[in-house]
Every structure is written in structure tokens, then in C-alpha cells.
1. Taking the range 236-249, which residues are touching a helix residue (DSSP H, G or I) at 6+ places or on another chain (Cβ under 9 Å) and not in a helix (DSSP H, G or I)?
2. Counting only residues that are more than 19 Å from residue 53 (Cβ to Cβ) and either in contact with a helix residue (DSSP H, G or I) (Cβ under 8 Å, 6 or more places away or on another chain) or touching a residue at least 12 places away in the same chain (Cβ under 8 Å) (or both), which one in the range 196-210 is surrounded by the fewest Cβ atoms within 10 Å (Cβ to Cβ)?
3. Identify the single condition in (1) in the same structural domain as residue 389 (by TED's automatic domain parsing); (2) surrounded by fewer than 21 Cβ atoms within 10 Å (Cβ to Cβ) that residue 184 does not satisfy, given that it satisfies every other one.
4. In this structure, is residue 340 surrounded by 22 or more Cβ atoms within 10 Å (Cβ to Cβ) and closer than 19 Å to residue 146 by Cα?
5. Give the range 92-122 a look and list any residue that's farther than 29 Å from residue 209 by Cβ, assigned to a loop (DSSP other than H, G, I, E, B) and in contact (Cβ under 8 Å) with a residue 24 or more places away in the chain, or say none.
6. From the list 463, 452, 448, 417, pick out the single residue that is touching a residue at least 24 places away in the same chain (Cβ under 8 Å), buried (at least 19 other Cβ atoms within 10 Å of the Cβ), in a loop (DSSP other than H, G, I, E, B) and in contact with a helix residue (DSSP H, G or I) (Cβ under 9 Å, 6 or more places away or on another chain).
7. Are there helices (runs of 4 or more DSSP H) fully within the range 298-409 with at least 1 residues that are under 18 Å from the mean Cα position of the chain (by Cα)? List them.
8. Would a scan of the range 34-46 turn up a residue that is modelled with pLDDT of 95 or more, more than 25 Å from residue 431 (Cα to Cα) and surrounded by 14 or more Cβ atoms within 10 Å (Cβ to Cβ)?
């Protein structure tokens, strides 16, 4: 880390404007740009990493469709969606509509139930659109209940096919790299995957298969570094046992898995942090340091979950939106550089933890010394991307240039990758920033805006519904 800081300090500037002056150029661009130009400018901005990323919820529905209907990418598997109901008593349950299964699951259904499942490739255009929308929060009234109770259950078998899972991972990586990210820490595991006959794959065999896919040119040439966190469902009856198994797995695969997260609704009776304290202490007595990034404070009401999560040993907190309800912990965080708060503005809005983003704690944390970075959370279910997070932050909170680029730096400083990798990432980030400044320093502000017009930005449904931006995928 010391090497990276020295390198950054002495790195020669290549911008046509001195670094101190680009802040003024950024301000002028922001003031003069149309909303579309500002969005494209931010799309091109180097963004560091995404540290709070649920892989299962991060896949854009159209990517799912493209892969699940292509036998070359499913390993010859066929996927079915439950779309045509007969007399099933559970037909009124929203969770079962568009529930998606593989061929071997379909083959085990009785004749009556089979009539309700249709191959994805045979859906009507209206059914296809309904299927796509079933995996994103895109309608008024959809929120926390729809997300937690319905959306996830519809995934069915999608992530249990290893060919599909690794193809989705490849699309995931390519999309983030196109937005200027150089690092991704995704909550991703290899367990519970089966072959086309329903036989569970060996984890080590899956690991080799995944690494081969990541080494293929379309992924490898992106230059994006990816690491994984394993996730514990905090309210599961078996969560303590799962934690022990997960600790052992990560310890044996530290080159790719770099930490643990705990997710799930905190208000659940078994979701409270102190349930896990003794287990973490016992595991720390057995294994070398294993970083923890844990959801905490994703609540409507005040509590001490953030403080108690820090007691578990977490060095990153996911969400933390109710931090104002625990001023002692906020004061502690303001005077310590150890703990990063992972901010997810769009998630907090759509799940109604902070429906009015102007009241989000993000600017208070940013401007009182608490390390923060922006993240996408479940971007596929929001139908969004990282640029949407940056555009939201800039337009709601009037971010300065230094504040803006501190978000990318923080994401890399607090990444769980090894120190050598972090030093290289920080070096790359500074180089990318200088190239970005040079690109938008040429000529006057009008020339910079014309340059922004050339950025091949890609938007999804959230940007279209929220701001009217519709830049098709390239």
C-alpha cells in the first residue's frame, strides 16, 4: 500500500490541465451539460470497484433470456417458465408465476403440472415480456415485499446450471468493465450446481470450469479483476454451521474468494448479529485473518446492529442507512479510517429504506470523514448499472470532483484483495483518471461536451424510467 501511495504522489500528469484545475473544468462541464451529456461523462468516468454486489440479483433479465434460450450456452439444457395455469391451487401465488426450471426438473413433474410450464423459446411476445419483468422492480407498488418474497423464488433452477452460471458471470464482468470499473467483489458461490441429469457437480471441478471461462478472451481482455465473497443467509436455521463450512472453503481458496458476507433481513428473529459472535471468535482462533463485509443498518428503525456487526469483526458495513439512530457509533466511524460503509442509493430507494434520497445519510458520511463508496447491490433486479448510482449521487448531492473520485479510491483502498493486487489497482485507477482528465481537458467546455456525446454509454430500464435516458446496449 505504501508503494502505491508513493507511486500516486510522483505519477507525472498527462492532462492538458493541471490536476488542481480539472476540478474547475468538471464543475463547468456539470453546469453546462445536458442531463444526457452528464450521464455519458459519468459513464466514461473511471470508477474503481463494486464491493457490494449480489451476483444472483445482478443479472439483467435480457442477459438471462439470451443465455437460457441458447443451447450452446446452456450445455444443451432446456429451460421452462410456469406461465400457463390450469387449476393448480397455488396459481394465485405471485412467487410461482414465471418460476423457471431446467429439463430434469420438468421431467419429474406430473402431466398436469407440465402443462403449466412452457419452454422459454416458445413463449409468446407478451409472455416473454412478462417473464423479463418478473425479475426486476419496474412497476409502481413493487418494493421490499415483492423483492424479498417473490422475485428471488422465481429464479428456480437458473443458477444451478454451471454453464449458465458462468456465462452469466462473463456478461456481468464485461458490462462492469465497459463502465470503467477495474475491480469487482461479487457475492458468488459454486455450491448447489448440478449437471443436466440432476447430479451435483464437485466443487473443485466447478472451480476449474469457472477459471477456464474467465480465461477466455472476451472476459480476460476486459482487464477487470474479480474476487468473490461467500454469503451466509443470516436468518437460516443452519447459518452457524454454514459459517463454519464457508470459513474452511475460503481459507482453502483465498486466491479467488477473499471474504465473507452475511445477508438477509435483519429484523428476522434469527438475523441479529450477536447470534454469530462466539462462532466468529472460535473460527478466528483456527484460521488466519479473513475479512468480513456484513449487511447492517438496512432498517427503518434505530437499533445497534451496526455497532454489534463491528463487534463481529466487520471492516465493511453494507447499507448502514439507519446510522443516524446510533450517534455513538457514527461518532466512532467519523474518527476511524478502518471501516467503509458500502452505499447503494438505488437499492435503498426502491426497497423504501430511504424513499426520499435527499434524506439519505450518504452525504453526511462522505463529508464527515466516514469512508464510503458506491455499489450496485442487485443491479439486475433494479435494471440499473453503476453509472446510475454515480448520476444519482452527483445530481442529488452536488459532489465536487475530489468527492467524486474519492469514491473510486475508497472502493480500492478497502477492497479485500491482497496488498499487491490493491497496489496495482490503485496505480491503474490513477492512470485511468489522468487519461480521463486529458480526454475532457482538450479545448473549451463546449469541446468537452461534444466529446461526452461520443461516449458509447449503455442504459437499462431504471435510467429510462427515472430520467428518460435510453442508450441501447452496444
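The values are calculated or read from the model by the stated rules, or taken from the named source; none is laboratory data. Note that the structure is predicted; figures quoted are calculated from it, not measured. Quick reminder, even Gly has a Cβ in these numbers, built from the backbone with ideal geometry, and neighbours come from all protein chains shown.
1. Result: 236, single match.
2. Per the stated criteria, the residue is 197.
3. (2)
4. Answer is no for this residue.
5. Scanning the range 92-122 gives 97, 115, 116.
6. Exactly one residue qualifies, and that residue is 417.
7. Answer list for the range 298-409: 345-350, 362-367, 379-382, 386-397.
8. Yes, the range 34-46 contains a residue that is modelled with pLDDT of 95 or more, more than 25 Å from residue 431 (Cα to Cα) and surrounded by 14 or more Cβ atoms within 10 Å (Cβ to Cβ).
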